[in-house]
Amino acid sequence: MNIHEYQAKDLLRGYGVAVPRGGVAFTPEEAASVARELGGPVWVVKSQIHAGGRGAGRFQDNPGGKGGVRVVKSVEEVSSNAAEMLNHVLVTKQTGPSGKEVKRLYVEEGADIKRELYLGLLIDRATGRVTIIASTEGGMEIEEVAHNTPEKIVKVAVDPATGIQGYHTRKVAFALGLEGKQVGAAAKFIQAAYKAFVELDCAIVEINPLIVTGSGDILALDAKMSFDDNALFRHKDVAALRDEAEEDPAEIEAAKHELNYVKLDGNIGCMVNGAGLAMATMDIIKLYGAEPANFLDVGGGATKERVTAAFKLILSDSAVEGILVNIFGGIMRCDVIAEGVVAAARDVKLHVPLVVRLEGTNVALGKKILAESGLPILSADNLDDAAKKIVAAVKKEAA
């Protein structure tokens, strides 16, 4: 689960991470009020969407204008810029061309920036440890730094048995070229960020940029946090920060039925049991010249009702021109899948080609249910056969 910048800063502030003062606003009037409360002479007005690259982004109705992060020097400018941003669609390289509507802003006090650095914490799957990633190249995407100048990235893994220690923080501080009182400030900052990461069951904490001010203070000028969905039951306060308006409605609906669903840009819908098999299914669709419309894993113990919900979810995507159901029945029974597919197809009045490949527990019964349904369902003997048939059927419909 992702949250907004201002929410991340509120959480981090509670753990002792140094962040600039600011306040959230939903109207230009509220933005001006926050600015007056903060005092001047400089403020930063920031669009709050779940996407990076806001400063370099552009609004759909004014593509040649300013981006989603603006530095202003009067309360009047705070209000006028807020009016230009709120309820307008911001397009960044992470949102895609459709962009995201800005429904809230964060008005923050200006900062005297001397240096911009990068600091991140995540779980390194290779070591199974929380790992601190730091770079002197703040303000840039860490992926670009890793690709172009990997020598400018330092990684420090923290053993969970010891937790974060002084030598961890000093190594990071020295790698960032900090000196004097900055080293102590950075150590305090990193320890606080680590504590927040562990105690809140985070997936990522990213501070980009981490700045050194003219007076030598260390501040989080931006903050991104995401959380392990499986641990949210332990953090009701964090779960309450969820902004469903920033998420795909289909993915929200999928979560209600315990379905693992991600919308993609293709035209062939996929319903599969098991993440690995789902990935293989998407790969073979691409191999035969088409594109998957989604990743959808119904899980190993799905019910007829869950399968029906999954089928409806796929068909709710107007881009879907065909569906491939690929089930290997181990825990999952093929007859349950077949019953769900038939029920859903009848309910939504199936109007696109459907290919079903079943194998495993009760496969004969599952195929019998499909064959006797009276629906135009194409049966496949194996995954290769299924992919060929659905791609050919979609191309034939398009022709």
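Computed from the coordinates by the stated procedures, all read-outs in this text should not be read as laboratory data. Because the structure is predicted, anything quoted here is derived from the model rather than measured. Here the Cβ is made from the backbone with ideal geometry for all residues, glycine too, and neighbour counts use every protein chain on show.
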Antiparallel DSSP beta bridges within the chain, percent to nearest 5: 75
Of Lys114/Lys188; Lys195/Lys224; Lys224/Lys312; Lys100/Lys195; Lys66/Lys152, pairs whose Cα-Cα distance is over 23 Å: Lys224/Lys312; Lys100/Lys195; Lys66/Lys152
Estimated distance in nm for a label pair at Lys181 and Asp243, the labels positioned 7 Å out from Cα along Cα-to-Cβ: 3.5
12 Å reach of a label modelled at Leu365, 7 Å along Cα-to-Cβ, counting backbone N of the stretch 326-347: 333-339
In degrees, nearest ten, helix 304-315 long axis to first principal axis of the chain (Cα): 70
Answer label for Cα Rg over 2.2 N^0.38 Å (calculated), chosen among (1) 1.36; (2) 1.18; (3) 0.96: (2)
Sparsely packed chymotrypsin sites (Phe, Trp or Tyr not before Pro) within the stretch 1-81, loop by DSSP, other Cβ within 10 Å at most 16: Tyr15, Phe26
Whether the stretch 174-310 is rounded, prolate or oblate, judged on the alpha carbon gyration tensor where a/c under 1.5 counts as rounded: prolate
Fully extended contour minus Cα-Cα distance, from Tyr15 to Glu253, at 0.36 nm per residue: 82.3 nm
Helix-only mean residue ellipticity at 222 nm for the chain, each DSSP H run of n ≥ 4 adding -39500 (n - 2.57), per residue, nearest 500: -11000 deg cm²/dmol
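Where nothing but the Cβ of Lys and Arg (+1) and of Asp and Glu (-1) is charged, how large is the charge dipole of the chain around its Cα centre, in debye to the nearest 20?
Working: 45 positive and 54 negative charges, 81 e Å.
Its charge dipole is roughly 380 debye.
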Acute angle (nearest 10 degrees) that the helix 75-85 long axis makes with the longest principal axis of the chain, alpha-carbon atoms: 10
Given charges at beta-carbon only (K, R positive; D, E negative), |dipole| of the stretch 326-387 in Debye: 180
Computed lengthening from Lys152 to Ile331, 0.36 nm per intervening residue step minus Cα-Cα distance: 59.6 nm
Farthest positive-ward along the chain dipole, Cα basis, beta-carbon charges - from Trp43, Val205, Phe233: Val205
Using a Förster distance of 25 Å, the FRET efficiency for Ala319-Arg129 (Cβ separation, nearest 0.05): 0.05
